[in-house]
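First the structure, in the form of structure tokens, and then the observations on it.
The values are calculated or read from the model by the stated rules, or taken from the named source; none is laboratory data. In this text, all values refer to a predicted model and were calculated from it rather than measured experimentally. Methodologically, a virtual Cβ is constructed for each residue, glycine included, from the backbone with ideal geometry; neighbour enumeration extends over all protein chains shown. Surface areas here come from the heavy atoms of the whole protein model, side chains and all, with no ligands, DNA or RNA. Shrake-Rupley method; radii C 1.70, N 1.55, O 1.52, S 1.80 Å.
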Amino acid sequence: MNEKKKKNPKRMIRLQGIGASQGIAIGKVFLLTGDIIKVEERTIAVAEIEKEIKKFKRAVELTRKELAEIQIQARQRIGKEGEQIFDAHQLLLDDKIINDATIEKVQSECKNADFAYYKVMQGFQQSLENVDNEYFQGRLADIRDVKRRLIRNIQGKEPHYLNNLTNPAIIISNDLTPSETVLMDRQKVLGFVTNVGGKTSHAAIMARSLEIPAVVGLQDITNVVESNDTIILDGNQGVVILNPTAAELNKYLKLRDRHNEITKELSKIRDLPCRSLDGKDVDLSANLEFPGEINSIITYGARGIGLFRTENLYLAKSELPSEEEEFEEYYKVAEKVSPYPVIIRTLDIGGDKKPACIDIPEEDNPFLGWRAIRFCLEKADLLKKQIRAILRASVMGNVKMMIPMVSCLEEICKTKAIIEQAKAELRAQKMPFDEQMELGVMIEVPSAAIMADVIAEEVDFLSIGTNDLIQYTLAVDRGNANVAHLYKRLPPSVLRIIKQVVDAGHSKGVWVGMCGEMAADPLATLILLGLDLDELSVSPAMLPEVKRIIRAATFEQAERIAEKALQMKTSDEIETYIRNVMATRYKQKNLY
Ligand code: PEP
Ligand code: MG
């Protein structure tokens, strides 16, 4: 090794972003900086105006053809959801107000067409940039995408600059547009990391469908990395590590190998039951964020969907979806997973989820405020519309409905009254639905957990939402970086609550599942098996790993492990204990 480098190695930097697409990638940085297009302002002669306008119109035509081709690729590689993204691009390309304003600028100000269009689009972009909303932020990438493409075509330049990528690398950029993402060469792009973006940005949705690991929302990573730096991207945890030490690199190489091994093992255990060595079955299902992910869920061998987060249908829209639109989405999902169940959760907005199409006022403590069922019960029409759509979709297959963030019995009674109204309306309209459709509630607020025996008498199942249950039990805001160290993976208090909820549910004859992230945590799997959970609903990529752990243990052993964990006093003590169990039983050290 070169002496200078040895003395002065680059410091390791660990950054936390948003895991947008699962998987681990390790490689060299390919840094895409700045807005790749350059636009110069020119004043043209009056005689040139017509020529400039023709150039603009030709570029619009060419862009339309390019978008149509990308749309075909998007349909083939991603499906209908990908195709629809480019419908929005076509609409933007043909926007009469934008195009007329561009031509007007060329005519009245004698400006070159690319500059005129750039200016008009910039104004449009700025009006959205100030809106603090994930949906609009996500759509900005679409606007930039169309803008860059059309300007390149006015200028007659090569459109796909990612073609410069000659060796496999991890792309780092401020943002990635949907068309850049869909055209990515899977052999060369090991993963991508962006400054902006959220879980619902189109690039993130596409990355998940294309199974390219991705972390987004890192704010200024483009200023921190340099091309050819070594980088680790952990899309499962939303973590990026720059210039890793040898030990860190080793750890992640093992994790990546494990991930790849799991993918290979997948085909072997995909169709096998999730059954312990002594014959205890656990229903292993998947969490569904977007209907477009349904194919990958099926590939991973899920036995149904334990949590369909319907708010994403709302977050991605500027107008409220109609009952018909919701019905179609739910019906399609139910059809795909049938005969296995799909548990459709009613709208869980508020907190950190604020759709553009619903007005939710600012609150001092949004996570303790007007959220989920509390909000929906006061917007009874909105809730009834959704319930009608879910009921109508229930004719297709095995559909169940679940209420989020219940904190008291009254909320369940009120929701049931609205369900009865919706059923009566559907009967009167002669619209079919499953009269026996099961109703469940999420147990994610301590008051609901304490009253689980009472609640269980009113419903068909309970599903524990540990993301919120940990937040509310430990009084640690799940999104606040200042207290993130207090948000533990396996808090003993929460394990005790889980045990109490499972026992309460079983004593009343209802099944108890878990759909929070703990269900997908391999460190928790043996404890959850031992606590007698009936169902675990996990992010799709974790399905094989959780199944593998359950298939290699007996229920009896797991019960003993859970008992022991329940006697421990701290989360760290429990984690250390389970790591040791995993190291001896599964010969895996430092994997999770
Ligand atoms: C949970 O709180 O565990 C849960 C699954 O709900 P969400 O993460 O959508 O709040
Ligand atoms: Mg929750």
note = Residue set 86, 124, 115, 56; condition without any contact (Cβ under 8 Å) to a residue 40 or more places away in the chain and outside the structural domain of residue 211 (by TED's automatic domain parsing); output residue 124
query = residue 335 passes all but one of (1) within 13 Å of ligand 1 (Cβ to nearest atom); (2) part of a helix (DSSP H, G or I); which number fails?
reply = (1)
inquiry  = Anything in the range 473-497 that is part of a helix (DSSP H, G or I), within 16 Å of ligand 2 (Cβ to nearest atom) and hydroxyl-bearing (Ser, Thr, Tyr)? List them, or say none.
reply    = 473
ask   = Which pairs have Cβ atoms under 8 Å, sit 6 or more apart or on different chains, and link a residue in the range 292-317 that is under 20 Å from residue 398 (Cβ atoms) and among the acidic types (Asp, Glu) to one that is open to solvent by 30 Å² or more (accessible area, probe 1.4 Å) and more than 11 Å from ligand 1 (Cβ to nearest atom)?
value = 293/208; 293/209
request  = Only one of these is over 22 Å from the mean Cα position of the chain (by Cα) and either of a type in the set (Val, Ile, Thr) or open to solvent by less than 10 Å² (accessible area, probe 1.4 Å) (or both): 358, 387, 403, 349. Name it.
outcome  = 387
inquiry  = So, in the range 260-314, exactly how many residues are closer than 16 Å to residue 345 by Cα, in contact with an Asp or Glu (Cβ under 8 Å, 6 or more places away or on another chain) and not in a strand (DSSP E or B)?
reply    = 7
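Residues checked against (1) away from ligand 2 (no atom under 16 Å from the Cβ); (2) within 22 Å of residue 530 (Cα to Cα); (3) surrounded by fewer than 21 Cβ atoms within 10 Å (Cβ to Cβ):
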position	(1), (2), (3)
262	yes, no, yes
268	yes, no, yes
273	yes, yes, yes
281	yes, yes, yes
285	yes, yes, no
288	no, no, no
301	yes, no, yes
task = Could you list, in sequence order, all residues of the range 498-527 that are within 14 Å of ligand 1 (Cβ to nearest atom), part of a helix (DSSP H, G or I) and surrounded by fewer than 22 Cβ atoms within 10 Å (Cβ to Cβ)?
result = 517
inquiry  = Being away from ligand 2 (no atom under 16 Å from the Cβ), within 23 Å of the chain's Cα centre (by Cα) and farther than 23 Å from residue 395 by Cβ: is that true of residue 320 here?
reply    = yes
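Which count do you get for residues in the range 82-100 that are of a type outside the set (Lys, Arg) and either touching a strand residue (DSSP E or B) at 6+ places or on another chain (Cβ under 9 Å) or open to solvent by 40 Å² or more (accessible area, probe 1.4 Å) (or both)?
9
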message = Between a residue in the range 366-379 that is more than 9 Å from residue 405 (Cβ to Cβ) and within 14 Å of ligand 2 (Cβ to nearest atom) and any residue that is in a helix (DSSP H, G or I) and open to solvent by 30 Å² or more (accessible area, probe 1.4 Å), which pairs come within a Cβ distance under 9 Å, given they are 6 or more apart or on different chains?
response = 367/472; 368/472
Residue tally, condition open to solvent by 20 Å² or more (accessible area, probe 1.4 Å) and more than 14 Å from ligand 2 (Cβ to nearest atom), over the range 440-463 = 8
Residues that are surrounded by 15 or more Cβ atoms within 10 Å (Cβ to Cβ) and closer than 12 Å to residue 392 by Cβ, drawn from the range 324-337 = 326, 327, 328, 329, 330, 331, 334
message = within 16 Å of ligand 2 (Cβ to nearest atom), crowded, with 20+ Cβ neighbours inside 10 Å and not β-branched (Val, Ile, Thr): is that true of residue 411 in this structure?
response = yes
inquiry  = Would you confirm whether or not the range 464-472 contains a residue that is open to solvent by 10 Å² or more (accessible area, probe 1.4 Å), modelled with pLDDT of 95 or more and either more than 16 Å from ligand 2 (Cβ to nearest atom) or over 26 Å from the mean Cα position of the chain (by Cα) (or both)?
reply    = no
